1. Label-point separation (nm) for LEU28 and ILE14, each offset 7 Å from Cα along Cα-to-Cβ?
2. Run the paramagnetic zone check for ALA84: 7 angstrom along Cα to Cβ, then residues of the stretch 48-64 with backbone nitrogen under 15 Å.
3. For the residues THR30, THR13, THR4, THR53, what sequence is obtained by ranking on other C-beta atoms within 10 Å, fewest first?
4. Provide the gained length on full extension for the span THR4 to ARG59, in nm with one decimal, where the gain is 0.36 nm per separating residue minus the Cα-Cα distance.
5. Quick check on the exposure proxy: order ASP52, ASP71, ASP36 from fewest to most C-beta atoms within 10 angstrom.
6. Write down the Kirkwood hydrodynamic radius of the stretch 1-81, to one decimal in angstroms, obtained as one divided by the mean of 1/r over all alpha carbon pairs.
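What follows is calculated from the coordinates using simple rules that are stated; it is not laboratory data. These numbers were taken from a predicted model, which means no experiment stands behind them. Reconstructed Cβ throughout: ideal geometry from the backbone, glycine too, with neighbour counts over all protein chains shown.
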Amino acid sequence: MRPTLRSEDLKATILSALATVIERHPILSTIVVNEDSNAPYFARLPRINLEDTVAFMVRQMPMPMTEYGSDAELGSILEVQHNASFKESYDSFRSGA
């Protein structure tokens, strides 16, 4: 029998892991400043509130059980996130879990 995590424990585990990854890979917290000017430059965000920027979603449909099956629900979520403007989202940082 596999151990199960309560949803709050799972959320805390994911946020902790994400914080570690961002700390180890600074490019993940880098934004373009003055993007529309003649002198844009990169800067690292001084802090990221992961509680505000990570969206946890509950599946509405069961996951496909085939190895190569398509996942329409995941595809839809990824499409929305891919097409969203960073300028309109959470200090130019966002993540979904």
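1. Simple spin-label model gives 1.4 nm for this pair.
2. Counting backbone N atoms under 15 Å from the label point, the list is 49-58.
3. Numbers: THR30 14, THR13 11, THR4 8, THR53 17.
The order, fewest Cβ neighbours first, is THR4, THR13, THR30, THR53.
4. Working: separation 55, 0.36 × 55 = 19.80 nm, distance 1.75 nm.
Once the chain is fully extended between THR4 and ARG59, it gains 18.0 nm.
5. Details: ASP52 11, ASP71 14, ASP36 6.
Going from sparsest to densest Cβ surroundings: ASP36, ASP52, ASP71.
6. Numbers: mean 1/r = 0.0616 Å⁻¹.
For the stretch 1-81, inverting the mean 1/r across all distinct Cα pairs yields 16.2 Å.
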